[in-house]
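A single structure is presented below for examination.
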Amino acid sequence: MTLLITVFAAVFSTAVWYKHAPESKMHTGLLCWMYWGASLMWLVDAIAEYAELKAAYFTPTAEQMRNDAFLGLSVVALGLVIWIAVLLIKDPKGVIRAQLFRKK
């Protein structure tokens, strides 16, 4: 489930990045790289786990699937938090800077 969730997030963020690629002010490329990196990490983990468990890899319990889903959603949420932090620091549209330095 972790692999599936992060691959979906990577594909979605890549589609958004590709749509806005020429003027990418929102740094969606960073989001793509984070999710594709996580997907690659989970793919290597799945291969290693399959090498260890063989056919038992394809029969997880409901609890294992639920835990994997929570972990996958947590990874996606953490990626979004990091992306938002980068946006707040870089402030590509100048919104935060304008609010901080506006005259009263």
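To test your reading of the geometry: what angle, between 0 and 90 degrees and rounded to tens, separates the Cα axis of helix 2-19 from the longest principal axis of the chain?
Compared with the principal axis, the helix lies near 30 degrees.
Could you give the length gained by full extension between ALA85 and VAL16, i.e. 0.36 nm per residue of separation minus their alpha carbon distance, to one decimal place?
Length gained, ALA85 through VAL16: 23.0 nm.
Take the chain, connect every pair of alpha-carbon atoms lying under 10 Å apart with a spring to form a Gaussian network, then pick out the residue of GLY37, GLY79, GLY94 with the largest mean-square fluctuation.
Comparing GLY37, GLY79, GLY94 in a Gaussian network model of the chain, the most mobile one is GLY94.
Give, rounded to the nearest 20 debye, the magnitude of the charge dipole that the chain has about its Cα centre when Lys and Arg contribute +1 at Cβ and Asp and Glu contribute -1 at Cβ.
1020 debye
Next up: With angles folded into 0 to 90 degrees, how steeply does helix 62-90 sit against the dominant principal axis of the chain? Use alpha carbons for both and round to 10.
So the inclination is approximately 20 degrees.
Moving on to the next point. Under the definition of Cα pairs under 8 Å and six or more residues apart, what whole-number percent is the relative contact order of the chain? Working shown, then result.
On the way: 67 pairs, mean separation 41.2, N = 104.
Over the chain, the number comes to 40 percent.
Running Debye on the chain with equal point scatterers at the Cα sites and no solvent, what base-10 log of I(q)/I(0) appears at q = 0.11, 0.14, 0.22, 0.23 Å⁻¹?
The computed values of log10 I(q)/I(0) come out as -0.46, -0.65, -1.12, -1.17.
Something else now. Have a look at GLN99, GLY37, VAL76 and report the one farthest towards the positive end of the charge dipole of the chain, computed about the Cα centre with Cβ charges (Lys/Arg +1, Asp/Glu -1).
The listed residue farthest towards the positive side: GLN99.
Read-outs throughout are calculated quantities, based only on the coordinates presented, and are distinct from any laboratory measurement. None of the values given here were measured: they were computed from a predicted structure. Please note: Cβ atoms are built from the backbone with ideal geometry, for glycine as well, and neighbour counts cover all protein chains shown.
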